[in-house]
Amino acid sequence: MRLVLLGPPGAGKGTQAAILSEKLGIPHISTGDLFRANIGEGTPLGVEAKSYIDAGKLVPTDVTARMVESRLAEDDAKDGFLLDGFPRTVEQADILEELLAKAGEKLDGVVNFQVSEDVVVERMLARGRADDNEETIRTRLGVYRDETAPLIDHYGDQIIAIAAEGSVEDINARTMEALGK
Ligand code: AMP
């Protein structure tokens, strides 16, 4: 299955993706994780991305899309993937569609994890990541509302909506059921 995971920052996408990846046998590809790995290794990509991530802003699309393209070209992503954190804008969604079309592929669905803003802020403050301070969280929620939320309309009937409040296990069970697994 080729799936995109959508939802505000702090929706629990990463947690759910890790479980789904294991159960479905497809790789979890998180652009945030890829950026953080590059920052950790001090690569040129990491150096370029760091200032945007620290500020809670989006890394420029050309940089991000190139990283995603090379990751999707790896062997383990040939038969399916869970994309977590990409696309984050309608422009990125168009790029993804083109990338897949070149390979004669398309998405099987777009899972949208729905959570209230209160829960999101609570979860982000609890995980304590470097970019999880209050000011950055506010910026990222603004970016989500302005740039990412429009993807829900963009994907229209490809959207698989999941109520993402409650326990990790319950949310996973709801998602598996919605995917017909
Ligand atoms: P995440 O781990 O998905 O919350 O992403 C952490 C940060 O990485 C975001 O706040 C952005 O700065 C950057 N980032 C992740 N994915 C993208 C993307 N698709 N486009 C631009 N920036 C991204």
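Miscellaneous remarks
- Label separation (E98 vs E147): 1.8 nm, computed from points 7 Å beyond Cα along the C-beta direction.
- Label-point separation, L125 to E22 (7 Å along Cα→Cβ), nm: 3.0 nm
- Across the protein chains, with a 1.4 Å probe defining accessible surface, the residues H154, H28 rank H154, H28 from largest area downward.
- Here, segment 11-124 has an Rg and a Dmax of 14.5, 41 Å when only alpha carbons are counted.
- Build a GNM of the chain with springs between Cα atoms under 10 Å apart, and of I39, I159, I26 the one that fluctuates most is I39.
- J(HN,Hα) series, segment 61-66, from Karplus relation 6.51 cos²θ - 1.76 cosθ + 1.60, nearest Hz, glycine and proline x: 4, 4, 5, 5, 5, 5
- For S30, nonlocal amide neighbours, meaning residues 5 or more places apart or on other chains whose placed amide H falls under 5 Å from its own, are D84.
- Computed per residue of the chain from DSSP H runs no shorter than four, each worth -39500 (n - 2.57), the mean residue ellipticity at 222 nm is -16500 deg cm²/dmol.
- Placing a label point 7 Å from the Cα of T15 along the Cα-to-Cβ line, the residues of segment 129-167 whose backbone N sits under 12 Å from it are 164-167.
- Unit charges on C-beta of K, R, D, E only; dipole of segment 2-178, Debye: 200 debye
- Annotation: per residue accessible area for segment 113-174 equals 59 Å², rounded to a whole number [probe 1.4 Å, protein chains only].
- Cut-off under 5 Å, modelled amide H: who pairs with I160 long-range: V110, V111, N112
- Proximal lysines relative to K57, as straight alpha-carbon distance under 29 Å, when same-chain residues fewer than 8 apart are discounted: K13, K106
- Taken along the Cα-to-beta-carbon direction at a fixed 7 Å, the label points for M176 and A163 span 2.0 nm.
The values are calculated or read from the model by the stated rules, or taken from the named source; none is laboratory data. Quick caveat, the model's predicted, so the values are computed rather than measured. Glycine also receives a Cβ, built like all others from the backbone with ideal geometry; neighbour counts cover every protein chain displayed. Side chains are part of the model used for accessible areas, which takes the heavy atoms of the whole protein and leaves out ligands, DNA and RNA. Shrake-Rupley method; radii C 1.70, N 1.55, O 1.52, S 1.80 Å.
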